[in-house]
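Remarks on the structure that follows.
The values are calculated or read from the model by the stated rules, or taken from the named source; none is laboratory data. Please read all numbers here as calculations on a predicted model, not as lab measurements. Heads up, the Cβs are rebuilt from the backbone with ideal geometry, glycines too, and the neighbour counts pull from every protein chain shown.
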Amino acid sequence: MRFTKDHEWVTLDGDIATIGISAHAAEQLGDVVFVETPELGKAVKAGDAFAVVESVKAASDVYAPISGEVVDANTVLGDAPETVNADPENGGWFAKVKVANASEYDALMDRPAYEAFLATQ
């Protein structure tokens, strides 16, 4: 699992990346009340907003940590947005993307680097 400075996570399985928000981000947001996942077939570029998460505190864009094409979206979140709070780094995933450039994954922070980054915030 790798992380961005915007608190997204990504795992890579072959050429498919699964993307969500970190446990830290879910905790900071508070109770998630709405999630908008990206459309299937949408081309995303690393750093671009591709989903929305709303909580009782705020609405936030979710940024693609890796470029590619959306091949799956976690539609469960539409009916059960609280899944993001309950299981942010597993069942609360937002989308799966067919990766265009796997080297983008290598440029992201691993968990120890992400935890060190959080300590500076």
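Before moving on, here are some points about what is shown:
- Every residue from the stretch 12-48 that is in contact with a Lys or Arg (Cβ under 9 Å, 6 or more places away or on another chain), closer than 21 Å to residue 81 by Cβ and of a type in the set (Val, Ile, Thr): 18, 19
- Test set (1) in contact with a Gly (Cβ under 8 Å, 6 or more places away or on another chain); (2) not in a loop (DSSP other than H, G, I, E, B) - residue 92 fails condition number: (2)
- So residue 84, is it buried (at least 22 other Cβ atoms within 10 Å of the Cβ), at pLDDT 95 or above, over 12 Å from the mean Cα position of the chain (by Cα) and under 27 Å from residue 112 (Cβ atoms): no
- Per the conditions (1) at pLDDT 95 or above; (2) assigned to a loop (DSSP other than H, G, I, E, B), the sole criterion not satisfied by residue 101 is (1).
- Checking the stated criteria, residue 53 turns out not to satisfy the condition of being at pLDDT 95 or above, of a type in the set (Val, Ile, Thr) and closer than 24 Å to residue 107 by Cα.
- The residues listed here are 97, 53, 70, 35; of these, the one that is under 16 Å from residue 6 (Cα atoms) and surrounded by 15 or more Cβ atoms within 10 Å (Cβ to Cβ) is 53.
- Residue within the stretch 70-77 that is over 19 Å from residue 25 (Cα atoms) and part of a helix (DSSP H, G or I) present: yes
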